[in-house]
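Presented below is the structure to which this report refers.
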Amino acid sequence: MHDILFINANVIDTRRGEVLADQQVLIRDGRIAQVASTAITSEGAEVIDVKGRYLMPGLCDSHVHVTAITANFALLGNMSPFYVTAKTGPMLNNMLMRGFTTVRDAGGADYGLAQAVAEDSLLGPRILYCGKALSQTGGHADMRGPGQQTFEGCFCCAGLGRVCDGVAEVRRACRDEIRKGATQIKIMASGGVSSPTDRIDSTQFSLEEIDAIVEEATAANIHTMAHAYTARAINRLLPRGVKTIEHGNLLDEESCRLFVQHNAYLTPTLVVYDALAKEGVEAGLPKELQMKVYDVLEAGGRALEMAQRHGVKMLYGSDLLGQMERHQLQEFNLRADVVPAAELIRAATCHAADAFGYSGDFGEIIEQGRADLLVLEHNPLDDIGVLTRPDSELSLIMKAGRIYKRTLAD
């Protein structure tokens, strides 16, 4: 891999929410070797003149399900993993072409898929994966209907979760996912929309089970993410060391206080509820489950406003399924009236790295960071909508030092 030198670049400092004018950035061996406001010398480097365009880190979507080719999770669990992978390939490529160079999968992806992307056998963003999300019997990842008495799937099938009950079982499940290389552990800690037998307002797993899960993740130096909607569910998780709360539509003032106190992160996913309400049934979600969307749809905006007002650190997440994945960038627009552009960019870059334990590795244009870079025609700090128009605004996409899109005009 040869050196690449970007010159005449307006670099977006994601930490400070500022533009550093007229910078040069040297890429070597998939990393950022040097950033300077003066000339950088690198014999034999390919020089790319950005000509005053904007150079920023690649984006991170902190809540995706890259193998969820349908919104019908019960059906997904019975599909051939070969078929699912074949359908996942185009979804991954589309994510990369939108500027996402890292995604955190919240249930379904495994080491094989992550490795295929790392080797460029499949083109897509780097995948951080939990393997199978952990669910109690009758919880958010138990897709058996009320009349189904047996579980016919297996842990190698294409479903998003695995069922485990009791401290011993959850420890074993954690250790198994960690053995398979999980970069985080996912806890289904409340009811959800797509699960057939639970209620949105339920809490799931006992405190002893949650403690065991967090303890196993901590022992492996990885973090825990938890699906949770209500304040009752959220407020029992944060003091126990869960690092990120997914969705959080029904949080309260106490939740916000706990987020700040425990240095935890909220991942709102407003776009998925908007999409499910409009086309969830068309995408495969059973009609009776789609009705559960309205329990949390309007609350999401109120939760976002409350979290922003209290200084809760947030991540960018979409949680879209199947055909709805094309709306991935619209989360920026749905948050824009409440969250300033600089903070939205942090949510999709350096905040994600901090939350996952990768500070300095991605999400910033700094020396020794991953060479995951985007070149934009206009400044997203002035207009966050720039990030939602990749066809016209995104002139170059680089991941780990390799260029995947290049349409820079002379």
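The values are calculated or read from the model by the stated rules, or taken from the named source; none is laboratory data. Because the structure is predicted, anything quoted here is derived from the model rather than measured. As a convention, Cβ positions derive from the backbone with ideal geometry for all residues, glycine included, and neighbour counts pool all protein chains shown. Ligands, DNA and RNA are stripped out before the accessible areas are found, and what is left, the full protein with its side chains, is counted by its heavy atoms. Shrake-Rupley method; radii C 1.70, N 1.55, O 1.52, S 1.80 Å.
Listing for the model above:
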{"read-out": "Those residues of segment 274-287 which are outside any loop (DSSP other than H, G, I, E, B) and without any contact (Cβ under 8 Å) to a residue 40 or more places away in the chain, in sequence order", "value": "ALA277, LYS278, LYS287"}
{"read-out": "Top-ranked residue in segment 169-200 [being over 23 Å from the mean Cα position of the chain (by Cα) and modelled with pLDDT of 85 or more; ranked as surrounded by the most Cβ atoms within 10 Å (Cβ to Cβ)]", "value": "VAL170"}
{"read-out": "Residue match in segment 46-66 (condition: touching a Gly at 6+ places or on another chain (Cβ under 9 Å), more than 23 Å from LEU266 (Cβ to Cβ), open to solvent by 20 Å² or more (accessible area, probe 1.4 Å) and not in a loop (DSSP other than H, G, I, E, B))", "value": "no"}
{"read-out": "Among (1) over 19 Å from the mean Cα position of the chain (by Cα); (2) open to solvent by 10 Å² or more (accessible area, probe 1.4 Å) - the single one ASP361 does not satisfy", "value": "(1)"}
{"read-out": "Some residue of segment 298-319 being in a helix (DSSP H, G or I), farther than 15 Å from GLY248 by Cβ, out of contact with any strand residue (DSSP E or B) (no Cβ under 7 Å at 6 or more places or on another chain) and open to solvent by less than 10 Å² (accessible area, probe 1.4 Å)", "value": "no"}
{"read-out": "Residue list for segment 376-395, restricted to those being in a helix (DSSP H, G or I) and hydroxyl-bearing (Ser, Thr, Tyr)", "value": "THR388, SER392"}
{"read-out": "Single unsatisfied condition, LEU270 versus (1) farther than 18 Å from LYS313 by Cα; (2) among the aliphatic types (A, V, I, L, M); (3) crowded, with 22+ Cβ neighbours inside 10 Å", "value": "(1)"}
{"read-out": "Selection within segment 1-45 - in contact (Cβ under 8 Å) with a residue 40 or more places away in the chain, among the small types (Gly, Ala, Ser) and either open to solvent by less than 60 Å² (accessible area, probe 1.4 Å) or under 21 Å from PHE362 (Cα atoms) (or both)", "value": "ALA9, GLY17, GLY30, ALA33, ALA45"}
{"read-out": "Filter result for ALA74 (more than 22 Å from THR388 (Cα to Cα), assigned to a helix (DSSP H, G or I) and either open to solvent by less than 10 Å² (accessible area, probe 1.4 Å) or at pLDDT below 95 (or both))", "value": "yes"}
{"read-out": "Every residue from segment 216-231 that is surrounded by fewer than 17 Cβ atoms within 10 Å (Cβ to Cβ) and not in a loop (DSSP other than H, G, I, E, B)", "value": "THR218, ALA219"}
{"read-out": "Every residue from segment 244-255 that is in a loop (DSSP other than H, G, I, E, B) and either of a type in the set (A, V, I, L, M, F, W, C) or crowded, with 24+ Cβ neighbours inside 10 Å (or both)", "value": "LEU251"}
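For (1) polar (S, T, N, Q); (2) under 13 Å from GLY107 (Cα atoms); (3) surrounded by 14 or more Cβ atoms within 10 Å (Cβ to Cβ); (4) modelled with pLDDT under 90, each residue gets a yes or a no:
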| position | (1), (2), (3), (4) |
| --- | --- |
| GLU119 | no, no, no, no |
| TYR129 | no, yes, yes, no |
| ASP142 | no, yes, yes, yes |
| CYS157 | no, yes, yes, yes |
| VAL167 | no, no, yes, no |
